[in-house]
Amino acid sequence: MTTRKTVRIAMNGVTGRMGYRQHLVRSILAIREQGGLDLGDGTVLWPEPVLVGRREHALRALAERHGLDQEAVATDLDAVLADDSIDIYFDSQVTLAREEALTRAIAAGKHIYTEKPTATGLDGALRLARQARDAGIKHGVVQDKLFLPGLRKLKRLVDGGFFGRILSIRGEFGYWVFEGDWQAAQRPSWNYRSEDGGGIVVDMFPHWEYVLHDIFGRVETVQALAATHIPERWDEQGKPYQATADDAAYGVFELAGGAIAQINSSWAVRVNRDELVEFQVDGTEGSAVAGLRNCRAQHRSSTPKPVWNPDLPATEVFRDQWQQVPDNEEFDNGFKAQWELFLRHVVLDEPYSWDLLAGARGVQLAELGLRSSAEGRRLTVPELSL
């Protein structure tokens, strides 16, 4: 006999692109469409979203579109947090609004699941982590790229010792975001205003922290150069504005164990690679290139012997000399996969490491990256603790 256990989740920020597409539709609603989350003990977990935000008409439109109860719509966050039937508070608002909302949710005794960055500065991020610890609640931070098929295959190679001693990691991320004058921008205008919490360092360095930390080792130093390549853009109303935040960042990270990571992040680069993000890992025994979905590897025993000769055209197709790493499993949507792990953590108390302290490490790296760029020097990344 199957027992259904309902978990009510207040979802704040679902009218935004990420909150709607990845968290509501492809995660929570997808779990419902599969019949709930089977906990393996005869219990099926049934997530019940409550849509929270400022624009009631937009929330009601979403509820109607997806067959949700119109009563599961709220514009009063305090009333939602005072509702004892709400188990989890989720936040995917703009960064500037997140810390205050999380603080209120923690004080109300709700379990916390949130997008990153968790706060605008390290002090605030650590304060949230301490508050959550003291409140005795469960808390998690979205670290979705760890669940991408390409990076999961890369992690499999690392765990299997494929690389030998890892020497370096080189990452390329980004794409051309239209300025907004003759074609609409693919990202909201606040992303390019530092006063609104924008900037690619704040957005992407937290991602790079957990990717490097979980797959290769803790980041021990950072040296970064942030740039605003496109100084003028046009907003959603077609009005020009000055970009005050960085739209590109070039970072070098020293990792525990001696590996060096170099990662370029840019919203002002045209894509000439297989995927929007790629990481090349080189080790003494082998190398691999991983993207969002695919991963190619080249072992020491099958490495060709290139010879530099600029006087002759290249006759080899270098990419054909690499072998595809097989899937060996079915990969679900990365956001959904992490949601399921967090829900199991809340209900079954299963181990879960991507918490608010892990989120604080990402905020710390972004903060130090911006400081490194401003001061023109390499900075040590201290270990964090509560």
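The values are calculated or read from the model by the stated rules, or taken from the named source; none is laboratory data. A quick note: this is a predicted structure, and the numbers were derived from the prediction, not measured. Cβ coordinates were reconstructed from backbone atoms using ideal geometry, including for glycine residues, and neighbour counts include every protein chain displayed.
No other residue among T103, T15, T118 is of a type in the set (V, I, T), modelled with pLDDT of 95 or more, closer than 29 Å to E195 by Cα and out of contact with any Pro (no Cβ under 9 Å at 6 or more places or on another chain) apart from T103. Consider F335 carefully, then state whether it is touching a Ser or Thr at 6+ places or on another chain (Cβ under 8 Å), of a type in the set (F, W, Y) and surrounded by 13 or more Cβ atoms within 10 Å (Cβ to Cβ). Yes; evaluated as a whole, the condition is true for this residue. Close contacts from the stretch 267-284, counting a first residue that is part of a strand (DSSP E or B) and a second that is surrounded by 16 or more Cβ atoms within 10 Å (Cβ to Cβ) and among the charged types (D, E, K, R), with Cβ to Cβ under 6 Å and a gap of 6+ residues or different chains, come to A268/D247; E278/E172.
For T103, the conditions (1) more than 23 Å from L128 (Cα to Cα); (2) out of contact with any strand residue (DSSP E or B) (no Cβ under 8 Å at 6 or more places or on another chain) are fulfilled apart from (1).
Would you mind finding the one in A132, A125 that is in contact with a His (Cβ under 6 Å, 6 or more places away or on another chain), in a helix (DSSP H, G or I) and crowded, with 22+ Cβ neighbours inside 10 Å?
On the way: A125 fails: in contact with a His (Cβ under 6 Å, 6 or more places away or on another chain).
Residue meeting the stated conditions: A132.
Condition test on T244, is it in contact (Cβ under 8 Å) with a residue 24 or more places away in the chain, of a type in the set (S, T, N, Q) and touching a helix residue (DSSP H, G or I) at 6+ places or on another chain (Cβ under 6 Å)?
yes
Exactly one residue among G369, G334, G362 is touching a Leu at 6+ places or on another chain (Cβ under 8 Å) and closer than 22 Å to P206 by Cα, and that residue is G334.
State all residues of the stretch 360-380 that are in contact with a helix residue (DSSP H, G or I) (Cβ under 6 Å, 6 or more places away or on another chain) and either assigned to a loop (DSSP other than H, G, I, E, B) or under 15 Å from T118 (Cα atoms) (or both); if no residue qualifies, say none. I'd like the intermediate steps shown before the answer.
Looking only at the stretch 360-380, we keep the residues that are in contact with a helix residue (DSSP H, G or I) (Cβ under 6 Å, 6 or more places away or on another chain), and these are 360-367, 369-370, 379.
Within the stretch 360-380, A360, R361, G362, V363, Q364, L365, A366, E367 qualify.
When A63 is tested against (1) within 12 Å of K336 (Cα to Cα); (2) crowded, with 17+ Cβ neighbours inside 10 Å; (3) not acidic (D, E), only condition (1) is not met. Residues that are part of a helix (DSSP H, G or I) and closer than 20 Å to D83 by Cβ within the stretch 46-66 comprise E56, L59, R60, L62, A63, listed in sequence order.
Tell me, yes or no, whether the stretch 26-46 has at least one residue that is in the same structural domain as T120 (by TED's automatic domain parsing), at pLDDT below 95 and among the basic types (K, R). Looking for residues that are in the same structural domain as T120 (by TED's automatic domain parsing), at pLDDT below 95 and among the basic types (K, R), one finds none in the stretch 26-46, hence no. Taking the stretch 136-172, which residues are over 18 Å from the mean Cα position of the chain (by Cα), buried (at least 17 other Cβ atoms within 10 Å of the Cβ) and not assigned by TED's automatic domain parsing to the domain that holds E285? Result: I137, K138. Selection of the stretch 67-104 for residues being in a helix (DSSP H, G or I) and more than 22 Å from the chain's Cα centre (by Cα) yields L77, D78, A79, V80, L81, R104.
Among D247, D235, D214, which is among the charged types (D, E, K, R), surrounded by 15 or more Cβ atoms within 10 Å (Cβ to Cβ) and more than 21 Å from the chain's Cα centre (by Cα)? Reasoning before the result, please.
Values: D247 fails: more than 21 Å from the chain's Cα centre (by Cα); D214 fails: more than 21 Å from the chain's Cα centre (by Cα).
The conditions single out D235.
Taken over the stretch 18-45, residues that are touching a residue at least 12 places away in the same chain (Cβ under 8 Å) and part of a helix (DSSP H, G or I) amount to 14. Assessment of the stretch 175-183 against the conditions (over 22 Å from V269 (Cβ atoms), outside any loop (DSSP other than H, G, I, E, B) and not assigned by TED's automatic domain parsing to the domain that holds N12) yields no matching residue.
For S287, the criteria (1) at pLDDT below 95; (2) among the polar types (S, T, N, Q); (3) outside any loop (DSSP other than H, G, I, E, B) hold in every case but one, which is (1). Looking across the stretch 222-232, just one residue is more than 22 Å from the chain's Cα centre (by Cα) and assigned to a strand (DSSP E or B), and that is E232. I'd like the full set of residues that are outside any loop (DSSP other than H, G, I, E, B) and among the β-branched types (V, I, T), limited to the stretch 135-169. Listed by number, the residues that qualify are V141, V158, I166, I169.
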